[in-house]
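Any read-out appearing in this document is the output of simple, stated calculations on the displayed coordinates, not a laboratory observation. In this text the structure is predicted, and so the values were computed from the model without any measurement. Backbone-built Cβ (ideal geometry, glycine too); neighbour counts: all protein chains shown.
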Amino acid sequence: MSSPAAEPSASAARQARAFAPASVGNIGVGFDVLGHSIAGPRDVATVRRIDEPTVRIRAIRGEVPGADALPLEAARNTAGQALICLREKLGLDYGFELELDKGIPLGSGLGGSAASCVAALVAANALLDRPLSREALYEFALDGESVSSGSRHGDNVAPMLLGGVVMATSTKMIALSVPSFLHAVVVHPDQVLETRRARAVLAEPYPLAQVVRQSAHLALFLTGLQRGDVELLREGLVDLLVEPRRAPLIPGFAQVKAAALAQDALGASISGAGPSCFAWFASEAQAQAAAAAMRAAFAAAGFDSRAYVGPVAGPRAEVIG
């Protein structure tokens, strides 16, 4: 399997390291189909090309709580499964040995499970005789992510692979234009919310009228991005479907959102499955001012937190020295 847009070959290498950034899945209005990467927390994967036709995980490290409990069995790990699918689909007669350094907290809503598999894929791709394009890596990232979430959705892995804001379907990634003035604040409280629990509250069906209203918000949001129109973004960045059901799972969320909106946020909602929260702003100065207010709101609810401020057009995963 190859692609005319493949990245430069690094076939002589036997080892590569890559990082993948954290991400904001859903962006509120785009459940399972929209996401954007953020500067700050990241996972790092070190991959070695080995002669045995297998995938094995040698170690998982990191100061984030729970990192040492992640499975070393490759098929039960997002990164391991992604590499298994890669080598099986390509029919490789060699394998990979993997080490992970976790920098994204588990159960944070920042795409930690996705980052592990994307970092591993980008590193392994550098070791292929004919490296693949980012688009060709997407299906393997979905394979890996499904181990954690139980479903194939690309709202985290796609922006990690391409950077910035990305629309992700079951078969393709589409990078969207992002005005350079847009900045995001992402606040991660000292809480853990498992993705499967967060998805369970969405099981009940939604009224058609509510879905239609959400579709209108999504259309306004996407048009606002394309035009760089902050008022369209403000009107569109409203989640009627997922946020109302997940908000009760996140102590302090209502106050944090209110704090962001009081600082003139274009919109604020839950990052991924939560408990992290995000807000978009029309300038870096506004975002910096709001970060302190959002953290103070979590503190009032009894939770310490960390805030990350940066452009909405965040970085993509890359090979590092």
Order of 108, 23, 177 under a 10 Å beta carbon neighbour criterion, fewest first:
177, 108, 23
Determine the percent antiparallel among the DSSP beta bridges restricted to the chain, to the nearest 5.
90
Between residue 133 and residue 51, take the C-beta separation as r, use R0 = 35 Å, and let me know the FRET efficiency to the nearest 0.05.
0.85
Sorted by Cβ neighbour density within 10 Å, fewest at the top, the residues 160, 167:
167, 160
What is the helix-to-structure angle for 134-149, meaning the angle in degrees between its Cα long axis and the longest Cα principal axis of the chain, kept from 0 to 90 and rounded to the nearest 10?
70
Starting from the Cα gyration tensor of the range 147-256, take the square roots of the eigenvalues, sort them a ≥ b ≥ c, and report rounded, prolate or oblate (rounded when a/c is under 1.5, otherwise prolate if a/b is larger than b/c, else oblate).
rounded
Can you order the peptides 132-143, 269-280 by their average number of other Cβ atoms within 10 Å per residue, highest first?
269-280, 132-143
From fewest to most C-beta neighbours within 10 Å, the residues 217, 188 line up as 217, 188
